[in-house]
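Taking it in order: structure first as structure tokens, then the write-up.
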Amino acid sequence: MQKILIIGGTGAFGRRLVQGLVTSTGCAIVIAGRTLATAERFAASLPPGRASALRLDRRALTAPLLEATGAGILVDAAGPFQGADFGAAATAIAAGMHYVDLADARDFVAGFATLDQAAKARGVLAVTGASSTPALSNAVADALVQGWRRVDRIEIAIAPGNRAPRGEAVVRAILSYVGRPVRLFRDGRWQTAPGWSLLARPSIEGLGRRWLSLCETPDLDLMPARFAVRDTVIFRAGLELGLLHLGLAAAGWPVRLGLLPSLAPLSGLARRFADLLIGCGSDRGGMVVEAAGLDEEGARRMARWTLVAEAGDGPVIPTLPALALIRLMLAGEIDRTGAMPCVGLLTLDRIAAEFAPYSITTEITTDPARS
């Protein structure tokens, strides 16, 4: 039986990925976390014989330790990846294990290719960003602009429901860039804007009007090059409650003014404050990817993909690209080695197939582009 080791397997995303693997594959899962008792309780809640627990800190990994687990794939779902090094991935490669992570950190994903030669030498595949960004966002964009002559603009937005659980790693990841300069391709040139700026409040099908702000994500680097975008690539995200969203925008001003280097050290306090309002808002979230350009006939075209998750199923979405990728790896359908971001490896259809057990609906619309 193939064995998969999941670091952060008891976290907000790790738990959901473990449950998905147990439900849909025949693999044995090793749930690794810094607290053994928590991992053991989670393993005991799963079907007998499917999961075991291991106390493990990704900062103290060694190749012999990983080899001793007997796992063939290491998944890092711990986060946050902002400011993290490539230690876990490099150690997995040294141990001859395939590697997958859920990183959405721009610098982490951008530098991951430094592991490419080592991964090829060991004959393993190491993939970063098998999550909502860049894996899902790029798979959607691939589908929207297939055959187009030109891509002028791509805009992505993620709008979770307020009742979605949020781990401190997620909160810290967001706070790491709020108020800090974010480099983006906008109006045909590279420029910077403060993180959590560029406020917008569009109406999203199935969700209504949601506040959105600029995020620091790998797509801001990857999409301008992959799609030869002529004008703009923007990635925004939002908090459902205006109090939280606009409050975070205001909290970024001391960083903008150079009075604070970062809000990341306040992640624990921010999470506790947000948890006080966890009963407000809804459990409905969504994601939108919109592209504009010239279609295969040279006509101006706008294409839009919308996802709506209900019944609290939104937080599972960041794990589904990883689940789809691991399925392909187990089936031997990815005949590649090396280290790379999770773009071009998964089609939208492959990822969307993982939506089936959940209250997730998607829609693609195409219209003449707005002038």
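The values are calculated or read from the model by the stated rules, or taken from the named source; none is laboratory data. Computed from a predicted structure; not experimentally measured. Positions of Cβ are generated from backbone atoms using ideal geometry, with glycine treated the same way; all protein chains shown enter the neighbour counts.
Table for the structure above
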quantity: Unique match (being touching a helix residue (DSSP H, G or I) at 6+ places or on another chain (Cβ under 8 Å), under 21 Å from Leu144 (Cα atoms), modelled with pLDDT of 95 or more and in a loop (DSSP other than H, G, I, E, B)) among Leu325, Leu307, Leu345; calculated: Leu345
quantity: Criterion (within 25 Å of Val127 (Cβ to Cβ) and in contact with a Pro (Cβ under 9 Å, 6 or more places away or on another chain)) met by exactly one of Gly314, Gly338; calculated: Gly314
quantity: Residue among Gly129, Gly123 that is modelled with pLDDT of 95 or more, surrounded by fewer than 17 Cβ atoms within 10 Å (Cβ to Cβ) and on the phi > 0 side of the Ramachandran plot; calculated: Gly123
quantity: Unique residue being in a loop (DSSP other than H, G, I, E, B), among the hydroxyl-bearing types (Ser, Thr, Tyr) and under 27 Å from Val109 (Cβ atoms) when the list is Ser267, Ser262, Ser282; calculated: Ser262
quantity: Every residue from region 287-307 that is out of contact with any Gly (no Cβ under 6 Å at 6 or more places or on another chain) and within 16 Å of Arg210 (Cβ to Cβ); calculated: Met287, Val288, Val289, Glu290, Arg304, Thr306
quantity: Ser176 being of a type in the set (Ser, Thr, Tyr) and modelled with pLDDT under 95; calculated: yes
quantity: Any hit, region 106-113, residues being touching a residue at least 60 places away in the same chain (Cβ under 8 Å), assigned to a helix (DSSP H, G or I), out of contact with any helix residue (DSSP H, G or I) (no Cβ under 9 Å at 6 or more places or on another chain) and surrounded by fewer than 19 Cβ atoms within 10 Å (Cβ to Cβ); calculated: yes
quantity: Residue in region 226-234 that is outside any helix (DSSP H, G or I), modelled with pLDDT of 95 or more, more than 18 Å from Ala159 (Cα to Cα) and of a type in the set (Asp, Glu) present; calculated: yes
quantity: Residue within region 116-136 that is of a type in the set (Ser, Thr, Tyr), part of a helix (DSSP H, G or I) and under 23 Å from Gly20 (Cα atoms) present; calculated: yes
quantity: Complete set of residues in region 39-73 that are among the hydrophobic types (A, V, I, L, M, F, W, C), out of contact with any helix residue (DSSP H, G or I) (no Cβ under 6 Å at 6 or more places or on another chain) and over 13 Å from Gly96 (Cβ atoms); calculated: Ala39, Phe42, Ala43, Ala44, Leu54, Leu56, Ala60, Leu65
quantity: For Gly332: the one exception among (1) in contact with a Lys or Arg (Cβ under 8 Å, 6 or more places away or on another chain); (2) not aliphatic (A, V, I, L, M); (3) not assigned by TED's automatic domain parsing to the domain that holds Ser137; calculated: (1)
quantity: Number of the condition not met by Gly344 [criteria: (1) buried (at least 16 other Cβ atoms within 10 Å of the Cβ); (2) under 17 Å from the mean Cα position of the chain (by Cα); (3) of a type outside the set (D, E, K, R)]; calculated: (1)
quantity: Candidate set from region 312-339 (those that are touching a strand residue (DSSP E or B) at 6+ places or on another chain (Cβ under 7 Å) and closer than 25 Å to Ala237 by Cα); member that is surrounded by the most Cβ atoms within 10 Å (Cβ to Cβ); calculated: Ala322
quantity: Elements of type strands (runs of 3 or more DSSP E) contained in region 10-80, each with 1 or more residues being in contact with a Ser or Thr (Cβ under 6 Å, 6 or more places away or on another chain) and buried (at least 20 other Cβ atoms within 10 Å of the Cβ); calculated: 28-33
quantity: Residue count, region 192-214 (criterion: crowded, with 16+ Cβ neighbours inside 10 Å and without any contact (Cβ under 8 Å) to a residue 40 or more places away in the chain); calculated: 4
quantity: Some residue of region 146-168 being hydrophobic (A, V, I, L, M, F, W, C), under 24 Å from Leu323 (Cβ atoms) and part of a loop (DSSP other than H, G, I, E, B); calculated: yes
